[in-house]
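Student: Structure provided below as structure tokens; questions to follow.
The values are calculated or read from the model by the stated rules, or taken from the named source; none is laboratory data. Quantities reported herein were computed from a predicted structural model and do not represent experimental measurements. Quick reminder, even Gly has a Cβ in these numbers, built from the backbone with ideal geometry, and neighbours come from all protein chains shown.
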Amino acid sequence: MTDNQTALITFVIPHKGREEMLKQTLASIASQQFDLSSVRVVIVTQNAGLSSDTLPDAPSLRVSVIQRPENDTISALRNAGVSESSGEYLAFIDADIELAPNWIAAMLSELEAVPARMLVSSVQKCSEDAPVLEKIRTTLSNAVTDTNVRFLPGRNLLLRRETFHRVGGFPEHLITCEDYFFTDKIHELGDLYYSTASSYVHLGEDKQFDEMFKKEIWRGQSNLQSIKGRHIPLSEYPSYLVPLWVLLFAVVTLLSLITFNFSSAFSALILALLPVALYSLRLKKIAGNQIELIDIGHFYLLYFPARIVGTLTGLFKAIRI
């Protein structure tokens with residue numbers, strides 16, 4: 001199969017930085033239980049180049065590498081990859097995703113099973129010896145499965161090329177939250193389906209709480225920008241309002257302590273911690289005995305402040321622009 005021939009499915013993988021996980025990602029594609037001659041991979045990297053041993057040793061699998069400037073957003077990388085691709089189907093995966101061997105076959109089957117289905121994704125699976133934070137993230141990702149959802153994360157997506165072009169591709173003005181924006185646009189066309197028919201391991205999943213805190217600040221910086229240009233369903237309101245609730249009553253707690261109004265400080269502190277308690281109990285109900293409540297509480301005590309800082313950072317950046 002020459003490079004000029006059309007593939008059935010093209011994987012588009014945005015990449016920057018280390019290559020160890022990209023190598024595992026590519027190896028998982030090369031190990032698919034599928035005819036690799038009908039598969040193409042387009043890596044869109046912001047590195048100066050890729051090591052030769054990063055690319056999979058699979059002669060029947062075509063892999064192309066495109067280099068893009070460091071200031072391109074992840075959306076710009078994905079869109080550039082599509083412009084250099086061919087085929088009826090597009091698979092978007094991150095450069096730190098290890099796909100189950102049946103991913104292509106299962107996701108193609110799921111996408112074609114229902115005419116109204118526009119986009120499909122497989123469930124997340126924990127790595128071996130996963131730390132508690134990875135278990136928390138995986139449980140949150142898999143809170144609802146084998147059902148239509150409003151949003152799908154951009155870590156592993158399969159759709160028809162036609163669908164991609166109908167929504168205008170990924171929003172290049174967003175640094176983060178681009179998958180919210182993109183999949184919400186597709187939701188206007190039809191169903192998004194989250195399936196247990198296959199799975200993936202997020203190799204780059206947060207392992208330590210301090211690492212998670214820093215990444216959540218980064219992820220939160222496009223929260224407010226992602227609202228512009230799309231309808232916001234009621235189910236999304238808590239993700240924007242709860243961090244503001246926590247911030248408001250945390251400030252009231254601090255001001256009350258400064259003015260020695262300890263009763264008001266205690267009441268405000270209870271209100272500030274209320275969402276932490278409610279979200280923790282909800283996740284504990286989903287996780288069962290797999291995760292301790294104290295670890296879940298630790299997660300949310302860091303998650304909400306990080307989201308607050310990230311949202312405020314994004315707001316200040318937007319004002320300066």
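Student: Hey, among Gln33, Gln67, which residue is under 21 Å from Glu178 (Cα atoms) and not hydroxyl-bearing (Ser, Thr, Tyr)?
Tutor: Unique residue meeting the criteria: Gln67.
Student: If only one of Ala265, Ala197 is within 24 Å of the chain's Cα centre (by Cα) and either at pLDDT 95 or above or in the same structural domain as Ile104 (by TED's automatic domain parsing) (or both), which one is it?
Tutor: So the residue among Ala265, Ala197 that is within 24 Å of the chain's Cα centre (by Cα) and either at pLDDT 95 or above or in the same structural domain as Ile104 (by TED's automatic domain parsing) (or both) is Ala197.
Student: Of all residues being assigned to a strand (DSSP E or B) and farther than 19 Å from Val201 by Cβ in region 141-163, which is nearest to the chain's Cα centre (by Cα)? Just the residue, please.
Tutor: Restricting to residues being assigned to a strand (DSSP E or B) and farther than 19 Å from Val201 by Cβ, the top hit is Val149.
Student: Within region 286-299, how many residues turn out to be within 11 Å of Leu140 (Cβ to Cβ) and in a helix (DSSP H, G or I)?
Tutor: 4
Student: Same structure again: Is it true that Leu77 is among the aliphatic types (A, V, I, L, M) and touching a Pro at 6+ places or on another chain (Cβ under 6 Å)?
Tutor: yes
Student: Among the helices (runs of 4 or more DSSP H) lying completely within region 166-276, list those that include at least 3 residues that are surrounded by fewer than 20 Cβ atoms within 10 Å (Cβ to Cβ) and not hydroxyl-bearing (Ser, Thr, Tyr).
Tutor: Of the helices (runs of 4 or more DSSP H) lying wholly inside region 166-276, those with at least 3 residues that are surrounded by fewer than 20 Cβ atoms within 10 Å (Cβ to Cβ) and not hydroxyl-bearing (Ser, Thr, Tyr) span 209-219, 237-258.
Student: Now a separate question. Would you please name the residue that is surrounded by the most Cβ atoms within 10 Å (Cβ to Cβ), looking only at residues in region 67-78 that are under 14 Å from Ile175 (Cα atoms) and not aliphatic (A, V, I, L, M)?
Tutor: So the residue we want is Arg78.
Student: Looking at the structure I just gave you, is Leu241 at pLDDT below 95, within 23 Å of the chain's Cα centre (by Cα) and of a type outside the set (Gly, Ala, Ser)?
Tutor: Yes.
Student: Got a sec? Which of Ile93, Ile104, Ile66 is within 15 Å of the chain's Cα centre (by Cα) and in the same structural domain as Phe170 (by TED's automatic domain parsing)?
Tutor: Being within 15 Å of the chain's Cα centre (by Cα) and in the same structural domain as Phe170 (by TED's automatic domain parsing) holds for just one of Ile93, Ile104, Ile66, which is Ile93.
Student: Within the group Leu55, Leu77, Leu90, Leu99, which residue is farther than 23 Å from Ser122 by Cα and of a type in the set (A, V, I, L, M)?
Tutor: Leu55
Student: What's the total number of residues in region 253-292 that are among the hydrophobic types (A, V, I, L, M, F, W, C) and under 21 Å from Leu302 (Cβ atoms)?
Tutor: Looking only at that region, the number is 16.
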